[in-house]
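The values are calculated or read from the model by the stated rules, or taken from the named source; none is laboratory data. This is a predicted model, so every value here is computed, not measured. Neighbour counts are summed over all protein chains in view; Cβ atoms, including those assigned to glycine, are modelled from backbone coordinates with ideal geometry. In case anyone asks, the SASA skips ligands and DNA or RNA and just uses the protein heavy atoms, side chains included. Shrake-Rupley method; radii C 1.70, N 1.55, O 1.52, S 1.80 Å.
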Amino acid sequence: STSPFPSQKPKSELVRTSLRLLTSSAYRLQSECKKTLPVETCPTTDIQLVTQQVIQCAYDIAKAAKQLVTITTKENNN
């Protein structure tokens, strides 16, 4: 059976690290986005700061996804 993830230890660790970053960033993104909803928005909510956080989360998600693609592509080409 061929796994989409590498079997070698160092690469597997990279995959796990990327997946952790992807997961934590997705949770952070969800929580930051919730702050912009009318129900959750309090008068002290700094929308500009929240927007920066959303952008950072999205960047982290893209970075983690790119790492996973790079790792699995290299593995599949070997």
With the first residue restricted to segment 48-67 and required to be acidic (Asp, Glu), and the second required to be open to solvent by less than 60 Å² (accessible area, probe 1.4 Å), Cβ contacts under 7 Å at 6 or more apart or on different chains are 60/21; 60/25
May I ask you to list pairs of residues, at least six apart or on different chains, whose Cβ atoms are under 8 Å apart, with the first in segment 24-41 being closer than 24 Å to residue 62 by Cα and the second being among the polar types (S, T, N, Q) and at pLDDT below 90?
35/41; 35/45; 36/45
Among the residues of segment 28-66 satisfying the criterion of being assigned to a helix (DSSP H, G or I) and acidic (Asp, Glu), which is nearest to residue 14 (Cα to Cα)?
60
Name the single residue that is farthest from residue 33 (Cα to Cα) among those in segment 60-72 being more than 8 Å from the chain's Cα centre (by Cα) and open to solvent by 40 Å² or more (accessible area, probe 1.4 Å).
70
Test set (1) open to solvent by less than 80 Å² (accessible area, probe 1.4 Å); (2) at pLDDT below 85; (3) assigned to a helix (DSSP H, G or I) - residue 18 fails condition number:
(2)
